[in-house]
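Some notes on the structure that comes next.
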Amino acid sequence: DTAVSQTPKYLVTQMGNDKSIKCEQNLGHDTMYWYKQDSKKFLKIMFSYNNKELIINETVPNRFSPKSPDKAHLNLHINSLELGDSAVYFCASSQDVSLGYGYTFGSGTRLTVV
Amino acid sequence: GESVGLHLPTLSVQEGDNSIINCAYSNSASDYFIWYKQESGKGPQFIIDIRSNMDKRQGQRVTVLLNKTVKHLSLQIAATQPGDSAVYFCAEGLGGGADGLTFGKGTHLIIQP
């Protein structure tokens, strides 16, 4: 059983296209996130949702729109893809850090824009 | 293959030796710290965490030390094994979790046979 699963694992697409990445967690966590990891391995938070409500929206272009149909799912839709969007995108979830086990990450989606 | 590891600080240790990976964090208000291990092609994997009311915490073969005075975090890995080769990230957080984590730059640990 994969705790945080995201699909697809690899995504190659042309500039200008619209694409979505899906994420599901079966941990019963209340909070889900999207992180972006660039070519230098730097990980940065993009969005945070708590019980389907947007909590954090870091400085991310409007072309990126998260959607949370329920607290177990947080999908990422990207419009008008650009070359600079190429990166690995990680979904994560957490219950509450006070419970001790912190965040659980998915295995990532490698997006390549050509 | 990727060359991104060349952009990261690298620590090379002999198999069987102890490894110490250091991290400076940025926010003096952070109250929760985590070390993650990321192997090639995988997501970050939780190793150990520590709260700001502690200065040391031990797990299996790993120890995390927290020095709040100088905002410094370290991860010690005892008897390093080939499977420990990975990129290690420290992360800091604040509050109940919904604020997300701020990650450090990462250190590439290489194990020499």
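The values are calculated or read from the model by the stated rules, or taken from the named source; none is laboratory data. Note that this is a predicted model, so its numbers are computed, not measured. Glycine also receives a Cβ, built like all others from the backbone with ideal geometry; neighbour counts cover every protein chain displayed. Keep in mind that these areas ignore ligands, DNA and RNA; they rest on the heavy atoms of the full protein, side chains included. Shrake-Rupley method; radii C 1.70, N 1.55, O 1.52, S 1.80 Å.
Is it the case that some residue within the stretch B:64-74 is open to solvent by 60 Å² or more (accessible area, probe 1.4 Å) and within 28 Å of residue A:110 (Cβ to Cβ)? No. Residue-level analysis places residue A:11 outside the set of residues that are in a strand (DSSP E or B), under 27 Å from residue B:34 (Cβ atoms), more than 14 Å from chain B (Cβ to nearest Cβ) and among the hydrophobic types (A, V, I, L, M, F, W, C).
Which residue, of B:83, B:41, B:59, B:16, is more than 14 Å from the chain's Cα centre (by Cα), within 14 Å of chain A (Cβ to nearest Cβ) and open to solvent by less than 70 Å² (accessible area, probe 1.4 Å)? Talk me through it step by step, then tell me what you get.
On the way: B:83 fails: within 14 Å of chain A (Cβ to nearest Cβ); B:59 fails: more than 14 Å from the chain's Cα centre (by Cα); B:16 fails: within 14 Å of chain A (Cβ to nearest Cβ).
None of the other options fit; the residue is B:41.
Among the residues making up the stretch B:44-56, a single one is open to solvent by 80 Å² or more (accessible area, probe 1.4 Å) and closer than 21 Å to residue A:34 by Cβ: B:45.
Of all the residues in the stretch A:70-90, those that are under 14 Å from the mean Cα position of the chain (by Cα), assigned to a strand (DSSP E or B) and not hydroxyl-bearing (Ser, Thr, Tyr) number 9.
In this entry, residue A:44 is excluded by the filter for residues that are more than 11 Å from every other protein chain (Cβ to nearest Cβ) and in contact (Cβ under 8 Å) with a residue 12 or more places away in the chain.
Can you tell me which of A:102, A:108 is open to solvent by less than 30 Å² (accessible area, probe 1.4 Å), modelled with pLDDT of 90 or more and at positive phi? Before the answer, list the steps.
Values: A:102 fails: modelled with pLDDT of 90 or more.
Residue meeting the stated conditions: A:108.
Across the stretch A:8-24, what is the total count of residues that are within 12 Å of the chain's Cα centre (by Cα) and either on the phi > 0 side of the Ramachandran plot or open to solvent by less than 80 Å² (accessible area, probe 1.4 Å) (or both)? Result for the stretch A:8-24: 4.
In the stretch A:87-112, the residues that are closer than 30 Å to residue A:18 by Cα and more than 7 Å from chain B (Cβ to nearest Cβ) reach residues that are in a helix (DSSP H, G or I) and modelled with pLDDT of 95 or more with C-beta atoms within less than 9 angstrom, at least six apart or across chains, in these pairs: A:111/A:85. Each residue in the stretch A:47-68 was checked for being assigned to a loop (DSSP other than H, G, I, E, B) and either facing another protein chain (nearest Cβ under 9 Å) or at pLDDT below 85 (or both), and 4 pass. Taking the numbered list (1) within 14 Å of the chain's Cα centre (by Cα); (2) farther than 29 Å from residue B:108 by Cα; (3) open to solvent by 40 Å² or more (accessible area, probe 1.4 Å) in turn, residue A:44 passes all entries but (2).
I'm checking my understanding of the structure. Among residues of the stretch B:26-38 that are at the interface with chain A (Cβ under 9 Å from one of its Cβ atoms) and among the hydroxyl-bearing types (Ser, Thr, Tyr), which one is surrounded by the most Cβ atoms within 10 Å (Cβ to Cβ)?
Quick first cut of the stretch B:26-38, residues at the interface with chain A (Cβ under 9 Å from one of its Cβ atoms) only: B:31-32, B:34, B:36, B:38.
Now drop any that are not among the hydroxyl-bearing types (Ser, Thr, Tyr), which leaves B:32, B:36.
Numbers: B:32: 21, B:36: 26.
Selected residue: B:36.
Select from the stretch A:31-41 the residues that are part of a loop (DSSP other than H, G, I, E, B) and at the interface with chain B (Cβ under 7 Å from one of its Cβ atoms) and list them in ascending order. Passing the criteria: A:39, A:40, A:41.
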